Amino acid sequence: MLIRKLAKITIVCIMACVLFASNPFRVHAANTPTQPFDSDYKYVNGVGNITVWLNYSSGVGYWEYLISPSANNWMYTGWANPIYITFVSSNYGSNMDFHSNNNAWFSSYGFGNGTLAVTWHFLIDDTNINPNYSQAPTSSWYYAEIHINDDQFTQSTFSDAAAGGTIRHEMGHAFGLAHNNCNPNSIMHQYYTYNPCDNTYEYRVVQTIQQTDNTAINNLYGYGN
Ligand SMILES: [Zn+2]
């Protein structure tokens, strides 16, 4: 009896040691939930009727084949949410404006050359509420601007999937979501960045909206609670 018990304990120990050896000294936190910039900051009119305008004169129409499915992905993530998006031909009263820019433009606002895109938030009187042009707004907003860096998007090493993922990521910022750099399985992971939970540099491994991102939208806009 005692021998049988010892044998069982040994087997448990071996399994535990194998599991430990496969994940040594690592507290893996890959499934942190996506969070808003601030639970009080969001689109003042909600996300049930988001109007998207493309600044064709900037050249951003070139990316419409990626922007259009990105909008569809946010509406139909696979989980319910209150987002509804339509494209409009005028920026008068639009909620989400897309612009194409280049490295020089990004540099002029203090961003590095590798910057893929940036999202800004505005009051109805056109005040930019992102201090120092960073991505955390200081109050709720009426509309957002998404600026795409054409010099990065057109790099041969930057795939359409990654570009589409970047557009979805920026739209997440427009809706009010912050970075989730502890979770490479969130669209709000910063593409290639330092993961402070794993102490490593890593790529985002998804390019579409994930359940944690969808849940963050519902928490922010009060849908399904
Ligand atoms: Zn971002």
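Each row is one residue, and each column tells you yes or no for (1) in contact with an Asp or Glu (Cβ under 6 Å, 6 or more places away or on another chain); (2) surrounded by 20 or more Cβ atoms within 10 Å (Cβ to Cβ); (3) of a type outside the set (Phe, Trp, Tyr); (4) at pLDDT 95 or above.
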{"site": "123", "(1), (2), (3), (4)": "no, no, yes, yes"}
{"site": "167", "(1), (2), (3), (4)": "no, yes, yes, yes"}
{"site": "174", "(1), (2), (3), (4)": "no, yes, yes, yes"}
{"site": "178", "(1), (2), (3), (4)": "no, no, yes, yes"}
{"site": "199", "(1), (2), (3), (4)": "no, no, yes, no"}
{"site": "213", "(1), (2), (3), (4)": "no, yes, yes, yes"}
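Being of a type in the set (Val, Ile, Thr) and away from the ligand (no atom under 13 Å from the Cβ) is the filter here; which residues of segment 157-189 pass it? Show your work before the answer.
If we filter segment 157-189 for residues that are of a type in the set (Val, Ile, Thr), which is where we start, we get 157, 166-167, 187.
If the condition is that a residue be of a type in the set (Val, Ile, Thr) and away from the ligand (no atom under 13 Å from the Cβ), then 157 is the only one that fits.
Being within 18 Å of residue 176 (Cα to Cα), within 16 Å of the ligand (Cβ to nearest atom), polar (S, T, N, Q) and surrounded by 18 or more Cβ atoms within 10 Å (Cβ to Cβ) is a property that does not hold for residue 149. Inspect all residues belonging to segment 91-104 and state whether any of them is within 21 Å of residue 179 (Cβ to Cβ) and among the hydroxyl-bearing types (Ser, Thr, Tyr). Within segment 91-104 (the criterion being within 21 Å of residue 179 (Cβ to Cβ) and among the hydroxyl-bearing types (Ser, Thr, Tyr)), the answer is no, since none of the residues qualifies. Filtering 200, 127, 154, 212 for residues that are touching a residue at least 12 places away in the same chain (Cβ under 8 Å) and either more than 14 Å from the ligand (Cβ to nearest atom) or out of contact with any Pro (no Cβ under 7 Å at 6 or more places or on another chain) (or both) leaves a single hit, 212.
Here residue 143 meets the list (1) within 15 Å of the ligand (Cβ to nearest atom); (2) surrounded by 17 or more Cβ atoms within 10 Å (Cβ to Cβ) almost entirely, failing just condition (1). Screening residue 42 against (1) more than 14 Å from residue 175 (Cβ to Cβ); (2) surrounded by 20 or more Cβ atoms within 10 Å (Cβ to Cβ) leaves a single unmet condition, (1).
Listed here are the residues, each with its yes/no results for (1) farther than 24 Å from residue 206 by Cα; (2) in contact with a Gly (Cβ under 6 Å, 6 or more places away or on another chain); (3) within 16 Å of the ligand (Cβ to nearest atom).
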{"site": "82", "(1), (2), (3)": "no, yes, no"}
{"site": "104", "(1), (2), (3)": "yes, no, no"}
{"site": "111", "(1), (2), (3)": "yes, no, yes"}
{"site": "133", "(1), (2), (3)": "yes, no, yes"}
{"site": "191", "(1), (2), (3)": "no, no, yes"}
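Scan segment 85-97 for residues that are in contact (Cβ under 8 Å) with a residue 12 or more places away in the chain and assigned to a loop (DSSP other than H, G, I, E, B) and the total you get is 6. Within segment 197-216, the set of residues being touching a Phe, Trp or Tyr at 6+ places or on another chain (Cβ under 8 Å) and over 13 Å from residue 169 (Cα atoms) comprises 200, 201, 202, 203, 211, 215.
The values are calculated or read from the model by the stated rules, or taken from the named source; none is laboratory data. What you are looking at is a predicted structure, and each value in this text was computed from that prediction instead of being measured. A quick note on method: Cβ atoms are made from the backbone with ideal geometry, for glycine too, and the neighbour counts reach across all protein chains shown.
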